[in-house]
Amino acid sequence: MKLTRVWVGSALSMALLAGCADLTPVVEPTASPPDPVAALEAQLTALAARLDALERTVAAEGEARRARAAANEKALAGIQRELKTSKAAVAGLRRKVEAPPPAPEARREVATIRHDALEAAYWPVDVALGELPGGNSERAARPIPAAIPNMAREILVYAQVATGYVKGGPHRFRIATRLDNGQEAAFYLYAVGQPQQSWGYNSDNVWLPMPKNRELILQAEGEPFFGDWNSEVRIVAYR
């Protein structure tokens, strides 16, 4: 009985040892470490994408700035043109304001005299008739030279007087022609004689009727001048 238990125990021990011999240890799989090259490539790809986006943003901003600069230059050019036009307009207005008033329009003369088959409003001449009388109601009749034709209706008489250091006071000079009815058509010049260190002048041009007696009447009223003075009478045109 005792031997049987020993054998059974031995057999059980051997069976356990055989079972343990067939068992293999179970090893858990371990994760492989990350690839540093792949990680770096991923970072470079992301960085390149960000750089591309940044370049596009910078290019768009540059284009917008160039467009704004072109618009500003165009607006500035328009302002400069408008300023130039305004300056020209102001200069024109200033010239008009500062310009002397226009001379009154000369009366249009109707051609009435025919000479060498040509008509003219008047014919210029230069016929001297001497000086004006000195004073004391002196009256002189100056003949009108033949340079003035009988067909003339009117003569343009020029008279002038200049006074310097002279005595005589106020004078009135009368220049006239006699009409057919015995009356006289005349105009007047005024002058004053006084001791002075300067000269005074007076002159006039007047159309007078051409007298049939062909005489120009000169008369002076006032005390005779004594000192520096001069005068002259001329016919400068006829019509």
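What follows is calculated from the coordinates using simple rules that are stated; it is not laboratory data. Model, not experiment: these values are computed from the prediction. Note that we place each Cβ from the backbone using ideal geometry, even for glycine, and neighbour counts take in every protein chain shown.
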Open item on the list: Quick check: pseudo-label points 7 Å beyond the Cα along Cα→Cβ at Phe226 and Ala75, how many nm apart are they?
Closed with: 8.7
Open item on the list: Please report the spacing between the Cα centers of the range 192-239 and the range 165-187 in Å, no decimals.
Closed with: 8
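How fast does the range 48-98 diffuse by Stokes-Einstein, in µm²/s, taking the Kirkwood radius from C-alpha pairs at 37 °C and 0.692 mPa s?
Estimated via Stokes-Einstein, D reaches 230 µm²/s.
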Open item on the list: What are the ³J(HN,Hα) couplings of the range 57-72, residue after residue, when phi is run through the Karplus curve with 6.51, -1.76, 1.60 and θ = phi - 60°? Round to Hz, x for glycine and proline.
Closed with: 5, 5, 4, 5, 5, x, 5, 5, 5, 5, 5, 5, 5, 4, 5, 5
- [ ] Taking the Cβ of each residue in Trp199, Trp123 as the centre, tally the other Cβ atoms inside 10 Å and list the residues starting with the fewest.
- [x] Trp199, Trp123
Open item on the list: Kirkwood hydrodynamic radius, computed over distinct alpha-carbon pairs, for the range 148-239: how many Å, to one decimal?
Closed with: 14.1
